[in-house]
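Structure first, then comments.
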């Protein structure tokens, strides 16, 4: 690690999924401020363009991809590398959360949740590890959740997908290391994002109050999580791999 700013990402190309809102959008904004050239990925071009307008100037790009369609990831990524060049990092922030009790779970629901939250992460990691598609020393960061380490009613499938991410990161770190690449994940608590708001609105008031009380430092903001992702993508974390950075306002400390 050299230079006066260990968080400097000047000239680094970083792909951010879920960049149209929430944690992904805030991460893109922060990375651009740190000097990165950001490749924004999401399903809506219109919403990605809104994020793009909030970035400080740079060689930023937009790519349209539905990550639940995992068969499209390889061709999309190869095209992105062809257009922008090898990536220094990936911030995989896209994901879905749906509350559903065990008795209501269907095979289609399971497939959809795992394709979006888990399969997409595996295929992006596979492409990032492919020779010529990433820069030496690069970093892959994927979003897990405290629900991958703690239980909650009606979140069995979501918790399972996020626990899978933790296991994936720990194992792939060992495969990445000989290639001089790192992989880590962040595990947020409840965050004030569109998805977080949807979750809170689905609960009765008493349950909402319990969720807030379960976070000693209060409900988080997208910027709180973006800072942690930026750290794990930066040279400041160059000796960190295969780990889970919990960003939960004290939720798991209870």
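Quick notes
- Here the condition is being within 30 Å of residue 216 (Cβ to Cβ) and without any contact (Cβ under 8 Å) to a residue 12 or more places away in the chain; of 189, 156, 151, it holds for 151 alone.
- Single unsatisfied condition, residue 99 versus (1) surrounded by 14 or more Cβ atoms within 10 Å (Cβ to Cβ); (2) touching a residue at least 40 places away in the same chain (Cβ under 8 Å); (3) part of a helix (DSSP H, G or I): (3)
- Residue match in the range 174-181 (condition: surrounded by 18 or more Cβ atoms within 10 Å (Cβ to Cβ), in contact with a strand residue (DSSP E or B) (Cβ under 7 Å, 6 or more places away or on another chain) and more than 27 Å from residue 106 (Cα to Cα)): yes
- Selection within the range 12-38 - part of a loop (DSSP other than H, G, I, E, B), farther than 24 Å from residue 219 by Cα and either in contact with a strand residue (DSSP E or B) (Cβ under 6 Å, 6 or more places away or on another chain) or at pLDDT below 95 (or both): 12, 36
- Looking only at the range 39-66, residues that are under 18 Å from the mean Cα position of the chain (by Cα), under 21 Å from residue 116 (Cα atoms) and in a helix (DSSP H, G or I) come to 2 in all.
- Screening the range 227-249 for residues that are out of contact with any helix residue (DSSP H, G or I) (no Cβ under 9 Å at 6 or more places or on another chain) and without any contact (Cβ under 8 Å) to a residue 60 or more places away in the chain and picking the one that is farthest from residue 147 (Cα to Cα) gives 239.
- Scanning the range 201-226 for residues that are in a helix (DSSP H, G or I) and either buried (at least 17 other Cβ atoms within 10 Å of the Cβ) or in contact with a helix residue (DSSP H, G or I) (Cβ under 6 Å, 6 or more places away or on another chain) (or both) gives 208, 211, 222, 223, 224, 225, 226.
- Inclusion of residue 126 among residues that are modelled with pLDDT under 95 and out of contact with any strand residue (DSSP E or B) (no Cβ under 8 Å at 6 or more places or on another chain) is not warranted.
- Selection within the range 17-50 - without any contact (Cβ under 8 Å) to a residue 40 or more places away in the chain, crowded, with 17+ Cβ neighbours inside 10 Å and farther than 22 Å from residue 190 by Cβ: 32, 38, 40, 48
- Single match in 134, 145, 139 (criterion: closer than 12 Å to residue 97 by Cα, in contact (Cβ under 8 Å) with a residue 24 or more places away in the chain and in contact with a strand residue (DSSP E or B) (Cβ under 6 Å, 6 or more places away or on another chain)): 145
The values are calculated or read from the model by the stated rules, or taken from the named source; none is laboratory data. Everything quoted here is computed from the prediction, not taken from an experiment. With ideal geometry, Cβ positions are generated from the backbone for all residues, glycine too; neighbour counts draw on all protein chains shown.
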